[in-house]
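Following: one structure in structure tokens, then a few remarks.
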Amino acid sequence: MSETVPVYPFAHPAALEPSPEWERLRDECPVSRVRMVSGDEALLLTRYADVRELLADPRFTHSLTAPDAAKVSTADDGGVFSSENSAMTAGPDHPRWRRMMNKSFTVKRVTAMRPRIEEIAHQLIDDMLAGGQPGDLQSALGFPLPVFVICELLGVDPGYRDKFSHWSDAMLNLTKYDQDELTTAAAEFQAFMVQHVQDKRSKPGDDLLSELAAVVDSQDGRLSEEELVITAQGLLVAGHETTANMIGKMVSMLLADRPRRWERLLDDRGLINSAVEESLRFDANPGFGLPRYISEDIEVAGCPIAAGTTVVVSMASGNRDERAYPEAGEMLIDRVPNPHLAFGVGPHSCLGQALARTELQVVLAVLLDRLPTLELAVPAGELRRRDGLIVGGLEEVPVRW
Amino acid sequence: MVKRIEFDEPKCIAAGQCVMTAPEVFDQRDEDGVAIVLQPVPAPEHWDAVRDAVAICPAAALLLVDI
């Protein structure tokens, strides 16, 4: 029996191509048994409507701390969703925590950061040009840009960025690290952030952590010291891994069909925003998706799901669903409207989505201006995936200009 | 013809998508990011942008209805 249940995430034919299993399951089995790399079983949703409905259902969250919840990674800790820390953003206090965070990620606040993001993008491109051709756009621009942005937002020294990358990877582990490595990384990250929060408290700056520390110190019980440390860690991890990977994937997808994508953007910069959204929709390599712990019996697509089940939703498969999108398998950079699922939906959808969108829009605009002749230095089919983490991305993006 | 925006405020999750899509019609509160409808009866030239905002709202908190 167990051999017939496929292991999730599925294999992909190429780094930018979707797994053929997605389409088959959407057509034949939209609520499908899958096995996590831990060996635990879960159900996988692959259709747009089902993914959207479950993500928006406020009864269920990503927290997999219940004893019968599936573990999603190979290590003993079971992965980020099994952590007690993940429960903080899943419990009854979530709406209050979320409102407090939202004010730092409004369109107004993020738009005010745009000139600085442009400046960082120019500097990083200068450095890439100085390094000569071919360059690796992923390590030269994709990874460092969001790290610099989130470090400035939090008031953290970007000089630690290699450490942050390692700690983030460890936190988002699926199969890459063993438990000893994870325990060490978690302890280092914790020590760093506790110290950092204390520093902000004694010497407040003009940054988000200082602002949040002041809330803690007001002793109204809204945010404990421990919650502040967890929040800072979460923002640091979420603020760069996902966007960092997306920059490389977005540019690769746009260069994979230069005439219909890159060159059209060169002719019409008014398409930048819709091209960013379509890149988010078309991303076939976003990683794991999101889990939901089903705490009471429900029905999805006519299929009963019992309390105690772990469900995984594939936003990427939903984004390719022909039932939701005309020409779902085509990347159409002028697609409007584009209600894709890349940031999730509902009360737990991505807190930093306005910042992520702005970073992607700025990177694309600056690249079009600075490097109109940009092209992939290898065939798109030869790009290599980053594997073993909750988030998906490319190992490198070799480019010429 | 006249159209009106229906905004289900408790559902709003402050993603800011409406502000990015139709900045003349929507804003966000500074203190918690919750949307503000600047033009409850939007001018016809904003209808397309509002329809887009309605479609992409991740909280499904917006509607554009005939009155």
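Structural remarks
- Rounded, prolate or oblate (a/c below 1.5 giving rounded, otherwise prolate when a/b exceeds b/c) for the stretch A:1-153 by Cα gyration tensor: oblate
- Dipole magnitude (debye, nearest 20) for the stretch A:280-337, charges at Cβ of Lys, Arg, Asp, Glu: 120
- Axis angle, to the nearest 10 degrees, between helix B:47-56 and the longest C-alpha principal axis of chain B: 40 degrees.
- Once you reduce the stretch A:1-57 and the stretch B:1-25 to the center of their Cα atoms, the two points are 33 Å from each other.
- Long-range amide H partners of A:G308 with built H, under 5 Å: A:I294, A:S295, A:E296
- Relative contact order of chain A, defined on C-alpha pairs under 8 angstrom at six or more residues apart (%): 27
- Comparing A:L182, A:Q123, A:S168 along the charge dipole axis of the stretch A:103-258, the residue lying farthest to the positive side is A:Q123, per the Cβ-charge model.
- Charge dipole magnitude, Cβ of K and R +1, D and E -1 - the protein assembly as shown, Cα centre, debye nearest 20: 600
- Efficiency of FRET between A:R400 and A:D162 - r from beta-carbon atoms, R0 25 angstrom, step 0.05: 0.40
- Pairs of Lys in the protein assembly as shown closer than 22 Å at Cα, counting only those 8 or more apart or on different chains: 8
- Of the trypsin sites (Lys or Arg not before Pro) in the stretch A:14-110, the ones in a loop by DSSP (not H, G, I, E or B) with at most 12 other beta carbons within 10 Å are A:R59.
- Positive-end residue, the stretch B:3-66 charge dipole about Cα centroid, Cβ charges, pick of B:G16, B:V50, B:V37: B:V50
- For the pair the stretch A:271-340 / the stretch B:36-67, the C-alpha centres are spaced 23 Å from each other.
- Counted over the stretch A:2-400, the DSSP beta bridges are approximately 85% antiparallel.
- Dipole axis of the stretch A:1-150 (+1 Lys, Arg; -1 Asp, Glu on Cβ), positive-most option in A:S73, A:A112, A:L16: A:A112
- Cα-centred dipole magnitude for the stretch B:3-66, charges only on beta-carbon of K, R (+1) and D, E (-1), debye, nearest 20: 160
- Environment charge of A:G239, counting only residues whose C-beta is closer than 11 Å and scoring Lys/Arg +1, Asp/Glu -1: -3
- Annotation: amide H of A:V300 within the under-5 Å range of A:I305, sequence separation 5 or more or interchain, hydrogens built in the peptide plane.
- Cα gyration tensor shape for the protein assembly as shown, rounded if a/c is under 1.5, else prolate or oblate: rounded
- Cα-based shape type of the stretch A:273-401, given that a ≥ b ≥ c are square roots of the gyration tensor eigenvalues and the cut on a/c is 1.5: prolate
- Couplings for the stretch A:290-295, taken from phi via the Karplus curve 6.51 cos²θ - 1.76 cosθ + 1.60 with θ = phi - 60°, read 10, x, 9, 8, 8, 9 Hz in order; Gly and Pro are left as x.
- For A:N285, net neighbour charge (Lys/Arg +1, Asp/Glu -1) across residues whose Cβ lies under 9 Å away: +1
Where a number appears in this text, it was derived from the coordinates with a stated rule and is not lab data. Every value quoted in this text rests on a predicted model; they were computed, and no experiment measured them. Using ideal geometry, Cβ is built from the backbone for each residue, glycine included, and neighbour counts are taken over all protein chains shown.
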